[in-house]
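What follows is a set of notes on a single structure, which appears directly below.
The values are calculated or read from the model by the stated rules, or taken from the named source; none is laboratory data. All of these numbers come straight from a predicted model, not from anything done at the bench. Methodologically, a virtual Cβ is constructed for each residue, glycine included, from the backbone with ideal geometry; neighbour enumeration extends over all protein chains shown. Side chains included, ligands, DNA and RNA excluded: accessible areas come from the protein's heavy atoms. Shrake-Rupley method; radii C 1.70, N 1.55, O 1.52, S 1.80 Å.
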Amino acid sequence: MRIDVVTIFPELVAGPLGTSIIGRAAEAGLVEFQVHDLREHGIGRHRSVDDYPYGGGAGMVMRPEPLFAAIEPLRDAGAVIVLMDPAGERLDDRLARELATIPHLALVCGRYEGLDERVRDLVDREVSIGDYVVTGGELPALVVIDAVVRLVPGVIQEASHQDDSFASGLLEYPQYTRPETFGDRPVPPVLLSGHHGEVDRWRRQEALRRTFERRPDLLASVDLDTADRQFLETLAPGTETGEG
Ligand code: JFH
């Protein structure tokens, strides 16, 4: 997989991409990153990439020419062009898995109050990481890259993302490691029992409990069997948990 990033802050993007699991994926050749400094296409002696908004108003807007110059060669190279934007399609597990199937992505990061509307003609999709505003597209792009690259075969243990809580639609079950007792809190004995069936059942129930307590909205799209429904009934007697 190849991922290009267009930004006026290449160092802000390149650092994290060289670090940890994502950095190792790049070293292993599973993914190739290329970060492009938009300012190389800036206009005039000051390499300007922004200008005042027509019609007035606060803040600056990114001018179209540098973005066009940076994006066009990536388009010609076959990249799917993704614009980071607070008004884009919301990133979730489903979208991350879809983007992970694209061999060549180019993520375009804006700054200021946004970009000239005509730049949208050059992009294939627009993605948001959630309903809050950050100061530019770089951190959102890193979130997208992190979520996508860990799904590329070979980057992490395959079982990890099949087990991802969002794959089942439930939140994670509680996890423990050594020591067996920490302060006054022992590890739940079932996890030390060696009964894999019991461990699986406990984890399923704790995942159901946590989802019911914290994100009951998620339960509507989870595949619940009879045992799941019976367990949920003990948490909230009389509450309907049918498909919805
Ligand atoms: C970005 C910024 C827009 C305008 C009402 C709400 C926003 C400031 C480029 C993505 C997510 C982003 C994101 C992505 C790219 C850029 C800052 C944009 C506005 C009007 C103000 C510039 C922000 N999920 N959050 N933020 N900005 N307002």
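Please note which helices (runs of 4 or more DSSP H) are completely contained in segment 151-244 and include at least 2 residues that are in contact with a Leu (Cβ under 8 Å, 6 or more places away or on another chain) and at pLDDT 95 or above.
Numbers: elements: 158-162, 165-168, 196-214, 226-235.
Those helices (runs of 4 or more DSSP H) span 196-214, 226-235.
Take D50 and decide whether it is open to solvent by less than 50 Å² (accessible area, probe 1.4 Å) and either among the aromatic types (F, W, Y) or touching a Phe, Trp or Tyr at 6+ places or on another chain (Cβ under 6 Å) (or both). Quick ask: steps written out before the conclusion?
Working: open to solvent by less than 50 Å² (accessible area, probe 1.4 Å): yes; either among the aromatic types (F, W, Y) or touching a Phe, Trp or Tyr at 6+ places or on another chain (Cβ under 6 Å) (or both): yes.
In short, yes.
Right, T234: out of contact with any Cys (no Cβ under 9 Å at 6 or more places or on another chain), on the phi < 0 side of the Ramachandran plot and open to solvent by 70 Å² or more (accessible area, probe 1.4 Å) or not?
Details: out of contact with any Cys (no Cβ under 9 Å at 6 or more places or on another chain): yes; on the phi < 0 side of the Ramachandran plot: yes; open to solvent by 70 Å² or more (accessible area, probe 1.4 Å): yes.
So T234 fits the description; yes.
Considering only segment 63-75, state which residues are in contact with a strand residue (DSSP E or B) (Cβ under 7 Å, 6 or more places away or on another chain) and either under 18 Å from R125 (Cβ atoms) or open to solvent by less than 60 Å² (accessible area, probe 1.4 Å) (or both).
Filtering segment 63-75 down to residues in contact with a strand residue (DSSP E or B) (Cβ under 7 Å, 6 or more places away or on another chain) leaves 63, 65-67, 70-71, 74-75.
Matches in segment 63-75: R63, P66, L67, A70, I71, L74, R75.
Report yes if some residue within segment 101-124 is under 14 Å from the mean Cα position of the chain (by Cα) and farther than 18 Å from A79 by Cβ; otherwise report no.
no
Among the listed residues G78, G114, G55, which satisfies the condition of being open to solvent by 30 Å² or more (accessible area, probe 1.4 Å) and over 28 Å from L30 (Cβ atoms)?
After ruling out the rest, the residue left standing is G55.
Search segment 134-192 for residues being more than 26 Å from V82 (Cβ to Cβ) and touching a strand residue (DSSP E or B) at 6+ places or on another chain (Cβ under 8 Å), and hand back the single one that is most open to solvent (accessible area, probe 1.4 Å). Reasoning before the result, please.
Going through segment 134-192, the residues more than 26 Å from V82 (Cβ to Cβ) turn out to be 157, 159, 163, 168, 170-192.
Narrowing the set further to residues that are touching a strand residue (DSSP E or B) at 6+ places or on another chain (Cβ under 8 Å) leaves 180, 187.
Values: E180: 120, V187: 17 Å².
The extreme case among them is E180.
Of all residues in segment 1-27, which are open to solvent by 70 Å² or more (accessible area, probe 1.4 Å), closer than 18 Å to V155 by Cα and not polar (S, T, N, Q)?
R24, E27
Evaluate segment 118-125: report whether one residue or more is within 16 Å of the ligand (Cβ to nearest atom), of a type in the set (V, I, T) and open to solvent by less than 30 Å² (accessible area, probe 1.4 Å).
Looking through segment 118-125, at least one residue is within 16 Å of the ligand (Cβ to nearest atom), of a type in the set (V, I, T) and open to solvent by less than 30 Å² (accessible area, probe 1.4 Å).
Looking at segment 132-149 only, could you name the residues that are over 22 Å from F68 (Cα atoms) and near the ligand (Cβ under 7 Å from one of its atoms)?
Y132, V133, V134
Quick grid of which residues meet (1) out of contact with any Gly (no Cβ under 9 Å at 6 or more places or on another chain); (2) away from the ligand (no atom under 16 Å from the Cβ):
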site: M62; (1), (2): no, no
site: L67; (1), (2): no, no
site: I71; (1), (2): yes, no
site: R75; (1), (2): yes, yes
site: R90; (1), (2): no, no
site: A96; (1), (2): yes, no
site: H104; (1), (2): no, yes
site: R111; (1), (2): no, no
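Between A87, A100, which is more than 15 Å from V6 (Cα to Cα), in contact (Cβ under 8 Å) with a residue 24 or more places away in the chain and loosely packed, with under 12 Cβ neighbours inside 10 Å?
Values: A100 fails: loosely packed, with under 12 Cβ neighbours inside 10 Å.
Among A87, A100, only A87 is more than 15 Å from V6 (Cα to Cα), in contact (Cβ under 8 Å) with a residue 24 or more places away in the chain and loosely packed, with under 12 Cβ neighbours inside 10 Å.
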